[in-house]
Amino acid sequence: MEILLLRHGETLWNFEKRCQGLTDLELNETGLGQARGVAAHLRKVQIHAVYSSNLKRAIQTANVISEFHGLEVITDSDFRELNHGEFEGLTFTEIQATYPDFIQAWREKPANLAIPGGESIADVGKRAWRGIENIKRHYLHKTVVIVSHQFPMVSILCHITGTPLNNYRSFHVDPCGLTRINYSEKQGWKLTQANDRSFVNPPTA
């Protein structure tokens, strides 16, 4: 089977570089354009299901893609973003000024460090992988799109590649960056393409 992992398109908080976890923002105009770009790129791919986290920005992105394929978007809260707790809506500069000790610890070993009032990356990784296993049970030998968020995606990629969650920064996922993972009964899981954005802002003629 092939899973096309896609981060949602840009929102206002992405543009402003604010922490955006469970705050349920919609896509901005740039984000809608990014979603249309990836949808056009995938319109000729045979897709059997489109999944999304239960947050608006992911659902909107998934809806743009699913329209080309006559599919209903299936929402799964296992793919929702890391709960950023007290960091929601803050810029990195603001977080660094207010929580310097936490930021220092996060730089060194972030995996099991829960954000104040929120989750840890390990928490996200467990539920995101549960979502992947559920899709594998239902769509073996098929192609599925999952529209999710930064931390669920990097945790999935760490799991597949055997990368420790503390090294999650080994992977980068941009808004509407497309990542492909494959599963076969002989070879297991394999990362085949990471963060492709060649179609998001095509060069003008």
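The values are calculated or read from the model by the stated rules, or taken from the named source; none is laboratory data. These figures come from a predicted structure and were not determined experimentally. Note that each Cβ is placed from the backbone with ideal geometry, even for glycine, and that neighbours are counted across all protein chains shown.
Selection of the stretch 50-89 for residues being crowded, with 19+ Cβ neighbours inside 10 Å, of a type in the set (F, W, Y) and out of contact with any strand residue (DSSP E or B) (no Cβ under 7 Å at 6 or more places or on another chain) yields only F87. So which pairs qualify, if the first residue must be in the stretch 161-176 and on the phi > 0 side of the Ramachandran plot, the second must be buried (at least 17 other Cβ atoms within 10 Å of the Cβ) and at pLDDT 95 or above, the Cβ gap must be under 6 Å, and the two must be at least 6 apart or on different chains? What qualifies is C176/G9; C176/Q34; C176/V38.
Within the stretch 31-49, residues that are in a loop (DSSP other than H, G, I, E, B) and surrounded by fewer than 19 Cβ atoms within 10 Å (Cβ to Cβ) reach partners that are aromatic (F, W, Y) and modelled with pLDDT under 95 with beta carbons closer than 8 Å, at six or more positions or on different chains, in the pairs R43/F68. Of all residues in the stretch 120-134, those satisfying the criterion of being more than 18 Å from Q187 (Cβ to Cβ) and crowded, with 19+ Cβ neighbours inside 10 Å are I121, V124, G125, A128, G131. Taken together, the residues in the stretch 147-195 that are surrounded by fewer than 22 Cβ atoms within 10 Å (Cβ to Cβ), part of a loop (DSSP other than H, G, I, E, B) and within 15 Å of the chain's Cα centre (by Cα) amount to 4.
Within the stretch 126-143, residues that are over 17 Å from I160 (Cα atoms) and among the β-branched types (V, I, T) sit with their Cβ atoms under 8 Å from residues that are surrounded by 13 or more Cβ atoms within 10 Å (Cβ to Cβ) and at pLDDT 95 or above, at 6+ positions apart or across chains, in these pairs: T143/M1; T143/E2; T143/I3; T143/L4; T143/V45; T143/I47; T143/H48.
If you check S77 against the conditions, is it among the hydroxyl-bearing types (S, T, Y), at pLDDT 95 or above and in contact with a Phe, Trp or Tyr (Cβ under 6 Å, 6 or more places away or on another chain)? Judged against the criteria, S77 is not a match. Scanning the stretch 62-106 for residues that are of a type in the set (A, V, I, L, M, F, W, C), over 23 Å from G131 (Cα atoms) and either part of a helix (DSSP H, G or I) or without any contact (Cβ under 8 Å) to a residue 40 or more places away in the chain (or both) yields F68, F87, F92, I95, A97, F102, I103, A105, W106. Within the stretch 15-30, which residues are among the aliphatic types (A, V, I, L, M) and buried (at least 20 other Cβ atoms within 10 Å of the Cβ)? Result: L27, single match.
Of all the numbered requirements in (1) under 30 Å from P116 (Cβ atoms); (2) in contact with a strand residue (DSSP E or B) (Cβ under 7 Å, 6 or more places away or on another chain); (3) surrounded by fewer than 20 Cβ atoms within 10 Å (Cβ to Cβ), L12 misses one, and that requirement is (2).
This table checks each residue for (1) of a type in the set (K, R); (2) modelled with pLDDT under 95; (3) within 26 Å of G31 (Cα to Cα).
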position	(1), (2), (3)
H48	no, no, yes
A58	no, no, yes
F68	no, yes, yes
E81	no, no, yes
T91	no, no, yes
A97	no, no, no
I121	no, no, yes
V124	no, no, yes
A128	no, no, yes
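A Cβ distance below 8 Å, combined with a sequence gap of six or more or placement on separate chains, defines the contacts here; from the stretch 1-17, residues that are within 17 Å of E29 (Cβ to Cβ) reach residues that are hydrophobic (A, V, I, L, M, F, W, C) and surrounded by fewer than 21 Cβ atoms within 10 Å (Cβ to Cβ) in the pairs G9/L32; T11/L25; L12/L25; W13/L25. Filtered by the rule that a residue be assigned to a helix (DSSP H, G or I) and either farther than 14 Å from T75 by Cα or of a type in the set (F, W, Y) (or both), the stretch 131-144 gives E133, K136, R137, H138, Y139.
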